[in-house]
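Note sheet for the following structure.
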Amino acid sequence: MIHINVHSNHSLLSGTSTINELVDKAVSFNMNSLCLTDTNGMYGLISFAKRAIEKGIKPIFGAYIDEPNNSSSYVIILAKNDSGYSDLCKIITSRKLNDDFTLKNIVKKFKDLFIITPDVNLLEIAKDNKNIFGELILTPSYKSHCRLVYDYCIKNRIKYIASNPIYFNNPEDYELHKIVTAIGLNTTVSNLKEDEITDSDFYFADPKELIKKCKGIPEAIQNLNYIEDNCNVDLKLHQYKFPNFPSPIYETSESMLTRLCYEGAEKKYKVMSAQVIKRLNYELQVIKEMNFVDYFLIVWDIVKEAQKRGMMFIGRGSAANSIVAYCIGLTQVDPLEHNLYFERFLNKGRSSPPDVDIDFSWKERDEIIKYVFDKYGYENVAMISTHVTFRAKSAFREVAKVYGFSNDEITKFSKFIPWTNAKNLLNISNIFPESRSLKFNEEPWISIIKYASQLADYPRHLSIHPSGIIITPESIVNYVALEYASNKGLGLIITQPDMYSIEDLGLIKIDLLSQRSLGVLRDTILDLKAKKK
């Protein structure tokens, strides 16, 4: 069977629950493959791949990239192989970070990507590229343009594919699609322009309908099948991509960690008992077998640098169960004295990397993060994003706003809505005592509550993970796409996938947290020392 391009517009198809629905629907249609193309991003790509693989659907990795300042000109880029996936990450990153980005500069460059576009100007520029396809959008409103693209492709011997873009899952989701579009454009539904919303038939229909439309142009389906057969990316989910610690040339990472552990144990325990040696050797063996040696050395290096700079820090979490972490100074709790089990921290059955959480003073954490960037390179280090989703209050406010209500009118109701899942809006006055006065039993409030509840867990915007950073063995853009955090002026660059996708991809996260109490403690000690003088 064929694959369908799923264009996510204003995040309507990017939420995890919606991705799951799309994949499940593909299964019900007996599809072999499905392609999710986030707009200028790969926010939901890893979640999509994970779900598709679980359901026996071949995931095709791509993105919908539009021209800056001209969203009507776009390309759909699909990765043919692992190298093409890396190229895809680089293109998306360039689209987000470079002010001089233009589609004209990318449509001719990459050999490991399929490029699909309905833009005749881009087809003209890249007509010698054997991997470019004209997109025939088979919907009534695109009929004349579809004919233009078809005639151009025939005349210039360019391959073409049939397309029925998907912006929402079911026909009944069209109104919600308009609401989400209005939220994204910061306007009201009534003020949406015709070119700002998609056709009402841009929903996920049975692929058999598309095949029927292509009776006179079977090549359009054959080319879709050709693309499907030749898109084969293996992200190697849950296979760790470990960064390398720059150990001295006279010893390996393994020998260095072993040496540091025994040196630390002699200082901590004074007498190296058989119990200490047995526990150390056991933990080191597990760490080596699971290839976490460099990870421990990187965290040790960060802690050592903090000590060198006189910073206060403390290691916490399940890392306190490790005698290795204790001996090299990552934690301050003796796991033998307190009978703590190492397996709670790290064991061979664990599917996610271990977490060594290091707390720093809130005044000093940025300094140590800068050290990590400087040491391991700005190409190999990035902050992790958090996908902020709609909750009850935010969903209600945004939907009411696109219905035309003022901020004061909305606040009269929203102040009685607690922090809860947006799904609870449908029955909120019966669930929460503070919401008993809310009566949404007439229009437009009935519709506002209905659509606001449907925004439950939909992505709203990107934020920065409060502590997570990743270090990669190669350039980060070989693995994920990057973009500026919400405040571009600060220059902070973050990953598009969130921490869960980062872990699924096998990238290693290090948590460097900010603690106000450590800052207070530090200032108190400094004040006491100053008074003694």
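Observations, loosely collected:
- Looking only at region 486-505, and only at residues there that are more than 13 Å from the chain's Cα centre (by Cα) and part of a loop (DSSP other than H, G, I, E, B), the one that is modelled with the highest pLDDT: 492
- Matching residues in region 147-168 - criterion: being touching a residue at least 24 places away in the same chain (Cβ under 8 Å) and either part of a helix (DSSP H, G or I) or among the hydrophobic types (A, V, I, L, M, F, W, C) (or both): 148, 149, 150, 152, 153, 156, 158, 161, 162, 166, 168
So that you can scan it fast, the table gives a plain yes or no per residue for (1) surrounded by 23 or more Cβ atoms within 10 Å (Cβ to Cβ); (2) modelled with pLDDT of 95 or more; (3) over 28 Å from residue 382 (Cα atoms):
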| site | (1), (2), (3) |
| --- | --- |
| 16 | no, no, no |
| 21 | no, no, yes |
| 34 | yes, no, yes |
| 66 | no, no, no |
| 86 | no, yes, no |
| 96 | no, no, no |
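- Within the option set 91, 77, 125, being of a type in the set (Val, Ile, Thr) and open to solvent by 50 Å² or more (accessible area, probe 1.4 Å) holds for one residue only, 125.
- Taking first residues from region 221-243 that are without any contact (Cβ under 8 Å) to a residue 60 or more places away in the chain and partners that are surrounded by fewer than 17 Cβ atoms within 10 Å (Cβ to Cβ) and of a type in the set (Phe, Trp, Tyr), no Cβ contact under 7 Å between residues at least 6 apart in sequence or on separate chains turns up.
- For residue 266: the one exception among (1) without any contact (Cβ under 8 Å) to a residue 40 or more places away in the chain; (2) within 26 Å of residue 500 (Cβ to Cβ): (2)
- The set of residues in region 249-266 that are surrounded by 12 or more Cβ atoms within 10 Å (Cβ to Cβ) and among the aliphatic types (A, V, I, L, M) comprises 256, 257, 260, 265.
- Candidates 466, 473, filtered to the one that is part of a loop (DSSP other than H, G, I, E, B), open to solvent by 30 Å² or more (accessible area, probe 1.4 Å) and not aromatic (Phe, Trp, Tyr): 473
- Filter result for residue 96 (within 27 Å of residue 34 (Cβ to Cβ), in contact (Cβ under 8 Å) with a residue 24 or more places away in the chain and part of a helix (DSSP H, G or I)): yes
- Subset of region 128-143 (residues that are open to solvent by 80 Å² or more (accessible area, probe 1.4 Å) and more than 15 Å from residue 163 (Cα to Cα)): 128, 130
- Screening residue 11 on (1) surrounded by 24 or more Cβ atoms within 10 Å (Cβ to Cβ); (2) farther than 17 Å from residue 164 by Cβ; (3) modelled with pLDDT of 90 or more shows it passes everything except condition (3).
- Only one of the numbered conditions (1) more than 20 Å from residue 65 (Cα to Cα); (2) surrounded by fewer than 18 Cβ atoms within 10 Å (Cβ to Cβ) is violated by residue 199, and that is (1).
- In the set 218, 246, only one residue is more than 28 Å from the chain's Cα centre (by Cα) and either surrounded by 19 or more Cβ atoms within 10 Å (Cβ to Cβ) or within 30 Å of residue 21 (Cα to Cα) (or both); that residue is 218.
- Any hit, region 38-54, residues being of a type outside the set (Ser, Thr, Tyr) and part of a strand (DSSP E or B): yes
- Positions within region 343-363 being farther than 18 Å from residue 300 by Cα and not in a loop (DSSP other than H, G, I, E, B), in sequence order: 343, 344
- In region 99-123, of all residues being out of contact with any helix residue (DSSP H, G or I) (no Cβ under 7 Å at 6 or more places or on another chain) and outside any helix (DSSP H, G or I), the one that is nearest to residue 161 (Cα to Cα) corresponds to 116.
- Only a single item in (1) farther than 30 Å from residue 469 by Cα; (2) touching a residue at least 24 places away in the same chain (Cβ under 8 Å) is not met by residue 256, and it is number (1).
- Test for residue 110: is it on the phi < 0 side of the Ramachandran plot and open to solvent by less than 10 Å² (accessible area, probe 1.4 Å): no
- Helices (runs of 4 or more DSSP H) enclosed by region 364-461 - at least 2 residues per element that are open to solvent by less than 40 Å² (accessible area, probe 1.4 Å) and among the polar types (S, T, N, Q): 445-454
- Extreme residue, modelled with the lowest pLDDT, among residues of region 318-349 that are buried (at least 18 other Cβ atoms within 10 Å of the Cβ) and not hydrophobic (A, V, I, L, M, F, W, C): 318
- Unique residue being modelled with pLDDT of 90 or more and surrounded by 15 or more Cβ atoms within 10 Å (Cβ to Cβ) when the list is 154, 179: 179
The values are calculated or read from the model by the stated rules, or taken from the named source; none is laboratory data. The structure displayed is predicted, hence computed values, not measured ones. Virtual Cβ from ideal backbone geometry, glycine too; neighbours counted across all protein chains shown. Ligands, DNA and RNA are stripped out before the accessible areas are found, and what is left, the full protein with its side chains, is counted by its heavy atoms. Shrake-Rupley method; radii C 1.70, N 1.55, O 1.52, S 1.80 Å.
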